[in-house]
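Structure record follows, encoded as structure tokens.
The values are calculated or read from the model by the stated rules, or taken from the named source; none is laboratory data. Note that the structure is predicted; figures quoted are calculated from it, not measured. Heads up, the Cβs are rebuilt from the backbone with ideal geometry, glycines too, and the neighbour counts pull from every protein chain shown.
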Amino acid sequence: MSLPPLVEPAAELTVDEIRRYSRHLIIPDVGVEGQKRLKNARVLCVGAGGLGSPALLYLAAAGVGTLGIIDFDTVDESNLQRQIIHGVSDVGRSKAESAAASIREINPLVQVEIHNTALDRENVRDIFAQYDLIVDGTDNFATRYMVNDAAVLLGKPYVWGSIYRFDGQASVFWSEHGPCYRCLYPEPPPPGMVPSCAEGGVLGVLCASIGSIQVNEAIKLITGIGEPLVGGLMVYDALEMSYRKIKVRKDPNCALCGENPTVTDLLEDYEDFCGAVSEEAQEAVVDSTITALELKEWQDAGKDVFLVDVREPAEYEIVRIPGATLIPKGEILSGEALSRLPQDRQIVLHCKSGVRSAEALAALKAAGFRDAVHVQGGVLSWIKQIDPSLPAY
Ligand SMILES: [Zn+2]
């Protein structure tokens, strides 16, 4: 299926532009007409992180006239392994500002609009309305569903991508012509089931593989060339080196874009919809949560603590709290590890940030370990409060 161009062409190209974009202009399918459409296009990139970095760099180089960047985060050293739009001198700087500076260096003809804010239900419509096309580079389900819902409600196409370890996916969601994200994923995964890249890691170069697919699709939509990835899901496996294209159909029962939609406005609370922590875990942590500082005091006072690190072995290799025994969360949830836990010692669980340990705590309590507690904020809190010399990852 081909679609008409999304954007009307600009009146003309300047001499500078003709020189700069000559390798586009001599491709018959793009030509001066296509380049003028790119010049007139307004593209918003949600997130200047792993996917946003290559996406913004190539959109800028391609001559997309106006690029919006929305990101409220600042550049961290651990971003540099994959977020190539930022450099060492940008650490601590706003990601949106840092990305804008790189874009100006690559192509000063691009107009950059910075939205140095978190996308939320109050601002998402106003921001999206200013653009022709959205490129979604978000890394969490709450924002992803909000981006989808806002795009469908406003009738905007958006190019979605997701990455984890060696696996990537990409698609174009446009409810007027095909499915939306909810048609593919009607409900978010249960809390704790799908680890984030911060928990599970991501091969840096995977961002370029998926980010470049997103830019490719954005250019096709803007100029109306080729067959857009509407109704198609690209699945990339970097270890097998395979790209598979799977057909995705519009779901007539989709809660948002189906025949009888039940979601007709943005949700009140997307965090709540995606449930960062399950109800069981929320109940389990009440009166059973200690701080990193309290853990240190217990250890220093010689309290008989059995400290369990519920993260994965690779994370344990990177950094660990002294005295911690590694028992990954999965072994606790399956019940497999329960016999290795002492009945007569104070059990303290921790993970990276406190989400997985809360899930594990709920399982322990259900198995009768009534006195078990978990550490709020996990290893990251320990590093912050007790030993800043350890690497935060
Ligand atoms: Zn849908």
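Quick notes on this one:
- Answer from 357, 353 - the residue that is assigned to a helix (DSSP H, G or I), within 32 Å of the chain's Cα centre (by Cα) and of a type in the set (Gly, Ala, Ser): 357
- Verdict on residue 64 being within 21 Å of residue 163 (Cβ to Cβ) and surrounded by 24 or more Cβ atoms within 10 Å (Cβ to Cβ): no
- Candidate set from segment 225-249 (those that are basic (Lys, Arg) and touching a strand residue (DSSP E or B) at 6+ places or on another chain (Cβ under 9 Å)); member that is surrounded by the fewest Cβ atoms within 10 Å (Cβ to Cβ): 247
- Residue under evaluation residue 142, criteria (1) over 28 Å from residue 378 (Cα atoms); (2) touching an Asp or Glu at 6+ places or on another chain (Cβ under 6 Å), criterion not met: (1)
- From the list 168, 204, the one residue that fits, being away from the ligand (no atom under 16 Å from the Cβ), surrounded by fewer than 18 Cβ atoms within 10 Å (Cβ to Cβ), in the same structural domain as residue 38 (by the TED database) and touching a residue at least 40 places away in the same chain (Cβ under 8 Å), is 204.
- Checked against the criterion of being touching a Pro at 6+ places or on another chain (Cβ under 6 Å), in a strand (DSSP E or B) and β-branched (Val, Ile, Thr), segment 159-177 contains one or more residues that satisfy it.
- Any hit, segment 262-275, residues being surrounded by fewer than 17 Cβ atoms within 10 Å (Cβ to Cβ), out of contact with any Leu (no Cβ under 7 Å at 6 or more places or on another chain), assigned to a helix (DSSP H, G or I) and of a type outside the set (Val, Ile, Thr): yes
- Test set (1) farther than 30 Å from residue 37 by Cα; (2) within 16 Å of the ligand (Cβ to nearest atom); (3) polar (S, T, N, Q) - residue 196 fails condition number: (2)
- Pick from segment 341-357, criterion at pLDDT below 95 and of a type in the set (D, E, K, R), ranking: farthest from residue 386 (Cα to Cα): 344
- Of the candidates 103, 114, the single residue that is in contact with a strand residue (DSSP E or B) (Cβ under 9 Å, 6 or more places away or on another chain) and either in a strand (DSSP E or B) or farther than 30 Å from residue 20 by Cα (or both) is 114.
- Sub-6 Å Cβ pairs linking a first residue in segment 102-114 that is in the same structural domain as residue 126 (by the TED database) to a second residue that is β-branched (Val, Ile, Thr) and assigned to a loop (DSSP other than H, G, I, E, B), at least 6 apart or interchain, are 102/85; 103/110, ordered by first then second residue.
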